Amino acid sequence: MFKKNKHGIQIKTPVQLEKMRAAGLVVGRTLELLRNSVRPGMTPLDLDAIAEKAIRDEGAIPSFKGYQGFPATICASVNDEVVHGIPSDRRPLADGDVISIDCGAILDGWHGDSAITVAIGEVGPELVELMRVTEDAMWRGIAALQVGGHLSDVGHEVERYVRSQGRYGIPQEYGGHGIGTEMHMDPWVANHGRPGRGPKFEAGMCFAVEPMVNLGTDRTRVLPDEWTVVTIDGKPSAHFEHSVAVTDNGPWVLTALDGGKARLTELLGGKFAAEVRDEH
């Protein structure tokens, strides 16, 4: 029913990419709402309720809720929680915290998936820098999604940038993924490695690029809830993610409200997709 290349990677038609963009915009708008809503005293469960309402109000379905038993609409990972934190009301967010909010939605059978890390009130300069490094690393990985490039180019660019910025930990077990008619599809997209390896990028492929970067060690463990991943040393972590389409004109960032235009202009000049429509 859906075209795949010889490696089993789904290839979307232009019409299907438009549907992916619509799902991506639901996620992008929801995350922007959450970014503007979060403040000290709120709980991750408060944010989860806002996210679910926003997604359903757009006629979409939260893709995380019920996925392999996950109980919530967003993953909310606070401070030393790297990914997959379960929203709760046990501890209100406090000034100086950072929270990673990962969000997914299904619209017309197609998935969008994106994540941001947000500072709560005033945070220390080392956390501001951690978030900057992680987000910038994501954009460098996205910029590598060029027709004819190789899968490992993404992780190479992420790792190269992070290593150039200081002594940070990049968890080796976690990374991005293919995305389309399912939230998690082959292939896995590492955040480290050598360039020029793996399948070649073709127009119509879509990937979620999502670096996680720790202020300390790269070592992590999973809490007894069997979801929440935390750093071994208790130091904070940051996480950013976008869903991206490979096109003949370069990357098209499906979950960015501007399609990635602002950041990719900085990195690539004109070598990115121009199909930026219906941004808001």
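The values are calculated or read from the model by the stated rules, or taken from the named source; none is laboratory data. Being a predicted model, the structure only gives us computed values, none of them experimental. Please note: Cβ atoms are built from the backbone with ideal geometry, for glycine as well, and neighbour counts cover all protein chains shown.
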For region 223-243, the count of residues that are touching a residue at least 12 places away in the same chain (Cβ under 8 Å) and under 25 Å from Gln68 (Cβ atoms) equals 14
Exercise for the section: Test Met42 against the stated conditions and say whether it is more than 21 Å from Ile120 (Cα to Cα) and either touching a Phe, Trp or Tyr at 6+ places or on another chain (Cβ under 8 Å) or surrounded by 15 or more Cβ atoms within 10 Å (Cβ to Cβ) (or both). Expected result: no
Within region 112-139, restricting to residues that are in contact with a Leu (Cβ under 7 Å, 6 or more places away or on another chain) and touching a residue at least 40 places away in the same chain (Cβ under 8 Å), the one that is farthest from Gly24 (Cα to Cα) is Glu126
The lone condition Asp258 fails out of (1) within 19 Å of the chain's Cα centre (by Cα); (2) surrounded by fewer than 24 Cβ atoms within 10 Å (Cβ to Cβ); (3) within 23 Å of Leu130 (Cβ to Cβ) is (3)
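For the subset of region 205-239 comprising residues that are acidic (Asp, Glu) and under 22 Å from Val189 (Cβ atoms), which member is surrounded by the fewest Cβ atoms within 10 Å (Cβ to Cβ)?
Asp218
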Worksheet item: Based on what the data block shows, is Arg35 assigned to a helix (DSSP H, G or I) and under 30 Å from Asp95 (Cα atoms)?
Response: yes
Counting only residues in region 166-180 that are out of contact with any helix residue (DSSP H, G or I) (no Cβ under 9 Å at 6 or more places or on another chain) and part of a loop (DSSP other than H, G, I, E, B), the one surrounded by the fewest Cβ atoms within 10 Å (Cβ to Cβ) is identified as Arg167
Evaluate region 77-85: report whether one residue or more is out of contact with any helix residue (DSSP H, G or I) (no Cβ under 7 Å at 6 or more places or on another chain), farther than 30 Å from Val230 by Cβ and either modelled with pLDDT of 95 or more or surrounded by 22 or more Cβ atoms within 10 Å (Cβ to Cβ) (or both). no
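Identify, please: which residue in region 164-206 is under 20 Å from the mean Cα position of the chain (by Cα) and free of Cβ contacts under 8 Å to residues at least 24 places away in the same chain and is, among those, farthest from His111 (Cα to Cα)?
Trp188
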